[in-house]
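**Student:** Got a structure here, written out as structure tokens. Questions coming.
The values are calculated or read from the model by the stated rules, or taken from the named source; none is laboratory data. As the structure is a prediction and not an experimental result, all values here were calculated from the model. Heads up, the Cβs are rebuilt from the backbone with ideal geometry, glycines too, and the neighbour counts pull from every protein chain shown. Accessible surface areas use protein heavy atoms only, side chains included; no ligands, DNA or RNA. Shrake-Rupley method; radii C 1.70, N 1.55, O 1.52, S 1.80 Å.
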Amino acid sequence: MAEPERDTGSGTMERRHLRIDRERYTCTWKGHNIILTLTEFRLLEALAAGMDLAVPRDLLKSAAYGNDPHVDDRTIDSHMKRLRKKFRAVDETFDRIETLYGVGYRFRE
């Protein structure tokens with residue numbers, strides 16, 4: 001049986017194999033630590049909060065950069081590429097970050 005998705009109330013978000021600790025800015029996938037930059041952490045947190053839902057690039061830009069007008073869609077794409085690479089370093093079958101062309105991204109379960 002699949003593990004439930006939950007926010008533990010202690011600043012930790014758990015989404016099956018993904019665990020995000022908002023207070024310590026740490027992330028684990030299947031028990032392995034994933035070292036993220038602050039921007040990558042914020043992007044992953046936004047994706048995980050909308051598990052299985054499309055998250056538009058504009059919302060991701062806001063989550064990572066606030067209202068900085070100098071950030072474009074390609075910057076978000078580059079961060080997503082790096083996120084995927086970091087997860088694949090600990091799980092070569094990782095394919096949960098899905099690109100939705102013309103829309104944004106989704107963290108698939």
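**Student:** Can you list the DSSP H helices in the chain whose Cα atoms extend at least 15 Å along the helix axis and whose mean Kyte-Doolittle hydropathy is -0.5 or higher? Please list the in-between numbers first.
**Tutor:** Working: long enough: 38-49 (16 Å, 0.93); 73-90 (27 Å, -1.24).
Long hydrophobic helices here: 38-49.
**Student:** Taking K and R as +1 and D and E as -1, what net charge do the other residues with C-beta under 15 Å from the C-beta of residue 25 add up to? Please report the intermediate quantities before stating the final value.
**Tutor:** Details: positive: 19, 22, 24, 42, 86; negative: 21, 23, 40, 45.
For residues surrounding residue 25, the net value is +1.
**Student:** Take the solvent-accessible surface of the protein heavy atoms, probe 1.4 Å, and return the percent of it on the chain that carbon and sulfur atoms account for. Walk me through the numbers before you get to the answer.
**Tutor:** Values: 3120 of 6480 Å².
Ligands and nucleic acids excluded, carbon and sulfur reach 48 percent.
**Student:** With a 1.4 Å probe and every protein chain left in place, tell me how much accessible area residue 39 has, in Å² to the nearest 10.
**Tutor:** 30 Å²
**Student:** Net charge around residue 79, counting only other residues with Cβ within less than 14 Å of its Cβ (Lys, Arg = +1; Asp, Glu = -1)?
**Tutor:** Details: positive: 42, 57, 61, 74, 81, 82, 84, 85, 86; negative: 40, 45, 68, 72, 73, 77.
After counting each charged neighbour, the total is +3.
**Student:** Note down the magnitude of the dipole of the chain about its Cα centre, charges +1 on Lys and Arg C-beta and -1 on Asp and Glu C-beta and zero elsewhere, to the nearest 20 debye. Don't skip to the end; give the middle numbers.
**Tutor:** Working: 20 positive and 19 negative charges, 59 e Å.
Computed charge dipole of the chain: roughly 280 debye.
**Student:** Taking 7 Å along the Cα-to-C-beta vector as the label spot, tell me the residue 77-residue 59 distance in nanometres, rounded to one decimal.
**Tutor:** Placing both labels 7 Å along Cα→Cβ, they lie 2.1 nm apart.
**Student:** Could you state the principal axis extents of the C-alpha atoms in the chain, from the largest down, to the nearest angstrom?
**Tutor:** 41, 29, 24
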